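To start, the structure under review is shown below, and the notes come after it.
The values are calculated or read from the model by the stated rules, or taken from the named source; none is laboratory data. Small disclaimer: the values here were computed from a predicted structure and weren't measured. Every residue, glycine as well, gets a Cβ built from its backbone with ideal geometry; the counts of neighbours run over all protein chains shown.
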Amino acid sequence: MSIGVEIERKFLVSIPVKEQLEQLNIVSEKHIVQTYLHRGKSGTQRRVRSIRENDQEKYYYTEKQFISPIKRIEEEYEISRTEYENRLRDADGELVPVIKTRYCFEYSGQLFELDIYPYSDEYAVLELELSDPKQEIFFPENINVIKDISADKAYSNAALAKAGRFPEQQDS
């Protein structure tokens with residue numbers, strides 16, 4: 001179990017093409033299904049995740065309490081498949097599960113997470129956990145950062161789960 005304060009910045013980026021991905025120092029590729037549960041008693045955000053990496057599947061339960069747009073208290077721990085399936089019964093029906101492929105890569109001493117969603121062939125979300133909110137960030141040259149979305153709730157995974165698309169995308 002891990003409990004701690006998470007400081008995270010998020011950026012809307014253009015989806016890198018295959019050649020750009022191959023140029024990154026990718027350390028892992030994970031296929032994630034993230035399901036939001038009904039909120040906890042104190043309004044905490046609750047979710048379960050199924051994460052498949054290298055033909056292995058693991059399950060996690062997470063609770064988050066937001067302190068600021070980029071800072072939150074997070075409690076997360078691995079759970080069994082049975083517990084995962086049981087917790088799915090408490091899924092928030094207003095939010096569809098978030099399905100994404102996460103590429104973790106290192107650049108300039110930083111570990112980035114690039115989330116690519118199946119409903120967009122244009123946009124992705126680049127995340128970076130920081131040790132200090134004012135930490136300087138160095139981006140790879142082949143990643144096109146459109147804007148900082150750290151404080152924009154429309155780009156939270158929960159909001160994307162509800163909308164099923166990025167705010168820039170037109171209703172189909």
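Table for the structure above
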item: Selection count where residues are touching a Leu at 6+ places or on another chain (Cβ under 8 Å) and hydrophobic (A, V, I, L, M, F, W, C), scope the range 25-36; result: 1
item: Top-ranked residue in the range 87-101 [being in contact (Cβ under 8 Å) with a residue 12 or more places away in the chain and among the basic types (K, R); ranked as surrounded by the fewest Cβ atoms within 10 Å (Cβ to Cβ)]; result: R87
item: Selected residue (criterion: farthest from V13 (Cα to Cα)) from residues of the range 87-96 that are out of contact with any helix residue (DSSP H, G or I) (no Cβ under 7 Å at 6 or more places or on another chain) and not basic (K, R); result: D90
item: Residue ID - surrounded by the most Cβ atoms within 10 Å (Cβ to Cβ), chosen from residues in the range 142-154 that are hydrophobic (A, V, I, L, M, F, W, C) and assigned to a loop (DSSP other than H, G, I, E, B); result: I149
item: Candidates Q56, Q34, filtered to the one that is over 17 Å from the mean Cα position of the chain (by Cα) and modelled with pLDDT of 95 or more; result: Q56
item: Answer from Y77, Y84 - the residue that is in a helix (DSSP H, G or I) and of a type in the set (F, W, Y); result: Y84
item: Pair list, Cβ < 6 Å and 6+ apart or interchain, from the range 146-167 residues that are under 17 Å from E129 (Cα atoms) and touching a residue at least 40 places away in the same chain (Cβ under 8 Å) to residues that are among the charged types (D, E, K, R) and crowded, with 16+ Cβ neighbours inside 10 Å; result: I149/K10; S150/R9; S150/K10
item: Residue selected from the range 116-138 under the condition among the acidic types (D, E) and in contact (Cβ under 8 Å) with a residue 24 or more places away in the chain, by the criterion surrounded by the most Cβ atoms within 10 Å (Cβ to Cβ); result: E127
item: Test: F139 is closer than 20 Å to I7 by Cβ, aromatic (F, W, Y) and assigned to a strand (DSSP E or B); result: no
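To keep it simple, each residue is scored yes or no on (1) in contact with a helix residue (DSSP H, G or I) (Cβ under 6 Å, 6 or more places away or on another chain); (2) among the basic types (K, R); (3) touching a residue at least 60 places away in the same chain (Cβ under 8 Å).
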| residue | (1), (2), (3) |
| --- | --- |
| R49 | no, yes, no |
| E53 | no, no, no |
| E57 | no, no, no |
| K64 | no, yes, no |
| E74 | no, no, yes |
| Y77 | no, no, yes |
| R81 | no, yes, no |
| E85 | no, no, no |
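Per-residue answers, yes or no, for (1) surrounded by 15 or more Cβ atoms within 10 Å (Cβ to Cβ); (2) in contact (Cβ under 8 Å) with a residue 12 or more places away in the chain:
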position	(1), (2)
G4	no, yes
R9	yes, yes
L12	yes, yes
L37	yes, yes
K41	no, no
